[in-house]
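Trainee: The following block contains the structure, expressed as structure tokens.
The values are calculated or read from the model by the stated rules, or taken from the named source; none is laboratory data. The model shown is predicted, which means the values in this text are computed figures rather than measured ones. Heads up, the Cβs are rebuilt from the backbone with ideal geometry, glycines too, and the neighbour counts pull from every protein chain shown. We work out accessible area using only protein heavy atoms, side chains counted, and drop any ligands, DNA or RNA first. Shrake-Rupley method; radii C 1.70, N 1.55, O 1.52, S 1.80 Å.
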Amino acid sequence: MEPSATTHKIPHNHNHNHNKTFLILLNCLLLAVGQVGGPILSRMYFLHGGTRKWLAAWSVNSGFPILLLPIAISHYTNTTTRRRNNPFVLTTWLFCSSAVVGILFGATNYFYSFGASYLPVSVNSLVSSSQLAFTALFAYLIVKQNFTHYSINAVVLMTFGSVILGAHMDGDIPEGETKTKYVLGFVMTIAAAAFHGFSITALEFAQRKSGVAVTFDVAMHVQFVVSLFATIFCTVPMVVNRDFEALSGEAAEFGLGETKYYVVVFGAVIALQVMVIGSLGLLLCSSSLFTGLVTSLLVPVQQVFAVIFLREGFNAEKALALALCLWGFASHLYGGYKASLKKKKKNDDVEDYGDDEQGAKSSGDHA
Ligand SMILES: Nc1nc2[nH]cnc2c(=O)[nH]1
């Protein structure tokens, strides 16, 4: 056996795993903060007199200039001359596919904001969780994602949550809203969920096909390009509709007062950008399916916050949908845990075998 080879390998893998776990947890946290705060602020905008759906869609990605800060820091602290002289980190393929995904997200966000204007946050978020079924389908078709019994179980359970709510939506129609608008909001939210599932899987596919390793720089640049194009996509109709000019008038008539209008709109821009950073970051360091699962898991958390901050009702259907979400996610995590145990055992067996070989041959090379 050659101790130096083994001792060198294990700490390296451990460090790599720790870094990856840290990044996954950090992105989950960002996603959680943004996904809970953003939709609540968007709904407040609509509840208190806001009517501009393109503005709500635009606010999801328009905070992207924030990303210039980490990009610039990374650029100026990078010691490699090649990297310092070349600000373009992305290949043409990755740039173009990020731009296309950005446009898809722009459309997704319009559908979501349409839904948010007619549905309570609690219903909206639960219907949105059907994105998981779409993500799973696209992940299977586009990136050939492997499914275990546990992940299939998770997808089915979490999707059932949305179906239950859909079937019992009558009791939740907000005062003064017609059933037609409610149904339209519901249908648009399902369309948004489908677009969302497709967009994140398409980005995973593009990144894999590019063969570019995901470094901090690459992740920041991908996020920047995606958000830039999503913002351009939503800016065009806003200019056509004269939405920017209408903002001051809308602020003056806002139910919570003019100052709070700007707090709500800018707060939503920041919160939603944090959500996008967390979501794309998680996607780039794990997979579209895992990102979809975490997004769906956050639905029950959104529910609780909507009950507290928007005084939305909490009924038996929501509680059941919530329980199904938690059960589904737990099932997926358990499946992942079992798979990692199996992989570890397999690696240990290979290492033992390698050590025996090594001892027998007394040679330095590992297989
Ligand atoms: N809803 C939504 N989710 C995202 N996740 C990453 N980007 C986006 C986006 O633009 N919209």
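Trainee: Looking at the range 332-346 only, could you name the residues that are over 22 Å from residue 136 (Cβ atoms) and not basic (Lys, Arg)?
Mentor: Within the range 332-346, 341 is the sole residue that qualifies.
Trainee: Would you call residue 232 surrounded by fewer than 19 Cβ atoms within 10 Å (Cβ to Cβ) and within 15 Å of the ligand (Cβ to nearest atom)?
Mentor: Working: surrounded by fewer than 19 Cβ atoms within 10 Å (Cβ to Cβ): yes; within 15 Å of the ligand (Cβ to nearest atom): yes.
Yes: the conditions hold for residue 232.
Trainee: Yes or no: residue 295 at pLDDT 95 or above and within 15 Å of the ligand (Cβ to nearest atom)?
Mentor: So residue 295 does not fit the description; no.
Trainee: Okay, next question. Looking at the range 254-269 only, could you name the residues that are in contact (Cβ under 8 Å) with a residue 12 or more places away in the chain and part of a loop (DSSP other than H, G, I, E, B)?
Mentor: Within the range 254-269, 254, 255, 256 meet the criteria.
Trainee: Take the residues in the range 116-129 that are under 12 Å from residue 188 (Cα atoms) and modelled with pLDDT under 80; name whichever of them is least open to solvent (accessible area, probe 1.4 Å).
Mentor: So the residue we want is 127.
Trainee: Give the residue that is farthest from the ligand (Cβ to nearest atom), with candidates limited to residues of the range 208-229 that are outside any helix (DSSP H, G or I) and within 16 Å of residue 281 (Cα to Cα).
Mentor: The qualifying residue farthest from the ligand (Cβ to nearest atom) is 213.
Trainee: Would you mind finding the one in 257, 249, 267 that is surrounded by fewer than 20 Cβ atoms within 10 Å (Cβ to Cβ), within 11 Å of residue 63 (Cβ to Cβ) and away from the ligand (no atom under 16 Å from the Cβ)?
Mentor: 267
Trainee: On to the next question. Given the structure, is residue 313 over 24 Å from residue 58 (Cα atoms) and either part of a helix (DSSP H, G or I) or away from the ligand (no atom under 16 Å from the Cβ) (or both)? Talk me through it step by step, then tell me what you get.
Mentor: Values: over 24 Å from residue 58 (Cα atoms): yes; either part of a helix (DSSP H, G or I) or away from the ligand (no atom under 16 Å from the Cβ) (or both): yes.
Answer is yes for this residue.
Trainee: Would you say residue 156 is modelled with pLDDT under 90, of a type in the set (Val, Ile, Thr), under 20 Å from the mean Cα position of the chain (by Cα) and open to solvent by 30 Å² or more (accessible area, probe 1.4 Å)?
Mentor: yes
Trainee: Residue by residue through the range 276-304, note down the ones that are in a helix (DSSP H, G or I) and either touching a Lys or Arg at 6+ places or on another chain (Cβ under 7 Å) or surrounded by fewer than 19 Cβ atoms within 10 Å (Cβ to Cβ) (or both).
Mentor: Answer for the range 276-304, where residues must be in a helix (DSSP H, G or I) and either touching a Lys or Arg at 6+ places or on another chain (Cβ under 7 Å) or surrounded by fewer than 19 Cβ atoms within 10 Å (Cβ to Cβ) (or both): 285, 301, 303, 304.
Residue-by-condition table, conditions (1) buried (at least 18 other Cβ atoms within 10 Å of the Cβ); (2) under 21 Å from the mean Cα position of the chain (by Cα); (3) modelled with pLDDT under 80:
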| site | (1), (2), (3) |
| --- | --- |
| 317 | yes, no, yes |
| 320 | no, no, no |
| 341 | no, no, no |
| 346 | no, no, yes |
| 351 | no, no, yes |
| 354 | no, no, yes |
| 362 | no, no, yes |
| 365 | no, no, yes |
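Trainee: Between residues in the range 60-85 that are over 14 Å from residue 218 (Cα atoms) and residues that are modelled with pLDDT under 95 and not in a helix (DSSP H, G or I), which pairs lie under 6 Å by C-beta distance while being six or more apart or on different chains?
Mentor: If the second residue must be modelled with pLDDT under 95 and not in a helix (DSSP H, G or I), the pairs left are 84/78.
Residue-by-condition table, conditions (1) over 13 Å from residue 196 (Cβ atoms); (2) part of a helix (DSSP H, G or I); (3) within 16 Å of the ligand (Cβ to nearest atom); (4) of a type in the set (D, E, K, R):
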position	(1), (2), (3), (4)
96	yes, yes, no, no
101	no, yes, yes, no
108	no, yes, yes, no
132	no, yes, yes, no
137	no, yes, no, no
145	yes, no, no, no
152	yes, yes, no, no
161	yes, yes, no, no
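Trainee: Select from the range 187-229 the residues that are open to solvent by less than 10 Å² (accessible area, probe 1.4 Å), under 15 Å from residue 98 (Cβ atoms) and of a type in the set (Ser, Thr, Tyr) and list them in ascending order.
Mentor: 199, 201, 227
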